[in-house]
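A.B. asks: The following block contains the structure, expressed as structure tokens.
The values are calculated or read from the model by the stated rules, or taken from the named source; none is laboratory data. Since we're looking at a predicted model, the values are computed, not measured. Cβ: placed from backbone, ideal geometry, glycine included. Neighbour counts: every protein chain shown. When the accessible area is computed, the model is the full protein with side chains, heavy atoms only, and any ligands, DNA or RNA have been set aside. Shrake-Rupley method; radii C 1.70, N 1.55, O 1.52, S 1.80 Å.
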Amino acid sequence: MADSASDGNGRTYAPEADHAFPDDRLNAVLSFLDDDPEVQVYLDAQNVNPVKRKGYNDHGAKHISIVRNRALCLYDLLKEAGVAFNGAADQGLEERDESVIVALAATLHDIGHVVHRDRHAYYSIPLAADILDRILPEFYDAADAVRMKGEVLHAILCHHTSEDPLTTEAGVIRVADALDMERGRSRMPYEMGGRGINTLSSRAIRSVSLQRGDERPVLVEIEMTNAAGVYQVDNLLKAKLRGSGLEDDVRIVAVNTKDEGDQLVERIEL
């Protein structure tokens with residue numbers, strides 16, 4: 001199988017590559033989303049409350065792009081390893097609809113930020129529902145559109161740790177959301193003077209890659225330059241992985257690569 005990532009590090013989904021799943025419908029939906037004016041405005045507007053008003057990390061178009069790419073790369077690796085997905089299957093939908101659920105949920109999971117940062121996952125539900133009511137009929141009949149809508153909304157709701165994912169697709173979204181932890185995520189609040197633990201710990205993460213694992217289907221490798229990155233790995237990613245349903249499928253290794261005499265943290269493995 002050709003690598004699904006254009007850079008070879010499991011960071012970017014490449015529509016033209018070979019994948020471990022049928023990708024025709026997914027690629028059509030991705031093209032539609034990228035050309036949809038309403039969706040694109042939401043991705044811009046949803047960054048105002050978390051970044052400008054609360055001083056949090058980026059939750060706009062860049063964040064969505066990273067989460068969606070890593071969600072699809074994670075999904076591809078899991079499919080290659082034969083991990084079962086139950087969201088679309090339980091609804092009597094097709095295998096090719098699994099990746100569409102992942103892509104739509106990744107795209108729309110944070111739009112509730114236009115209402116408020118706090119409890120944004122719950123505000124995302126009605127806003128995403130309206131968008132799905134417009135988009136899904138472009139690709140599905142009425143019955144399948146309803147089923148797809150439910151699965152996408154479930155994945156959106158469960159991207160935060162308050163709700164447990166009941167589908168593998170939702171688990172992918174939850175984990176992928178935490179995989180956007182590199183220093184670029186903190187660029188805007190850091191330049192605005194933000195020095196909270198989220199911002200500082202993000203700046204300590206140099207790179208995140210997804211690879212085929214040996215012991216488990218997926219190996220997540222995290223390179224950090226100082227111990228502040230431990231917060232991202234342990235408090236955020238570990239919390240998202242726990243209860244995702246993917247605990248036995250994902251191995252996480254984080255390494256402090258900064259060459260200094262006394263490293264507080266050299267290696268963490270979850």
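A.B. asks: Quick one: which residues, 5+ away or cross-chain, put their amide H under 5 Å from the amide H of ARG216? H built at 1.01 Å from N.
C.D. replies: Residues meeting the criterion, in which the H sits 1.01 Å from N, do not exist here.
A.B. asks: Could you pull out the pairs from LYS52/LYS149; LYS62/LYS238; LYS79/LYS149 whose alpha carbons sit more than 29 Å apart here?
C.D. replies: LYS52/LYS149
A.B. asks: Could you tell me which of ALA89, TYR75, HIS116 has its Cα farthest along the dipole of segment 62-122 towards the positive end, charges placed at Cβ (Lys, Arg +1; Asp, Glu -1), taken about the Cα centre?
C.D. replies: HIS116
A.B. asks: Rounded to the nearest 10 Å², what accessible area does TYR122 show when all protein chains are kept and the probe is 1.4 Å?
C.D. replies: Accessible area, nearest 10 Å²: 80 Å².
A.B. asks: Something else about it: Report Rg (one decimal) and Dmax (nearest whole number) for segment 21-106, counting Cα atoms only, units Å.
C.D. replies: When restricted to Cα atoms, segment 21-106 yields Rg and Dmax of 15.0, 44 Å.
A.B. asks: A further question on this structure: Ranked highest first by average number of other Cβ atoms within 10 Å, how do 107-120, 209-222 line up?
C.D. replies: Highest-to-lowest ranking by the protection proxy: 107-120, 209-222.
A.B. asks: Let me ask something additional. Treating only the Cβ of Lys, Arg, Asp and Glu as charged (+1, +1, -1, -1), what charge dipole size does segment 56-103 show about its Cα centre? Round to the nearest 20 debye.
C.D. replies: Computed charge dipole of segment 56-103: roughly 280 debye.
A.B. asks: Using the crude model of +1 on Lys and Arg Cβ and -1 on Asp and Glu Cβ, and no other charge, please compute the dipole size for segment 69-182 relative to its Cα centre, in debye to 20.
C.D. replies: Around 260 debye, computed over segment 69-182.
A.B. asks: Ok, one more. When a/c is below 1.5 the answer is rounded, else prolate if a/b is larger than b/c, else oblate, so apply that to segment 7-68 with a ≥ b ≥ c taken from the square roots of the Cα gyration tensor eigenvalues.
C.D. replies: Verdict is oblate for segment 7-68.
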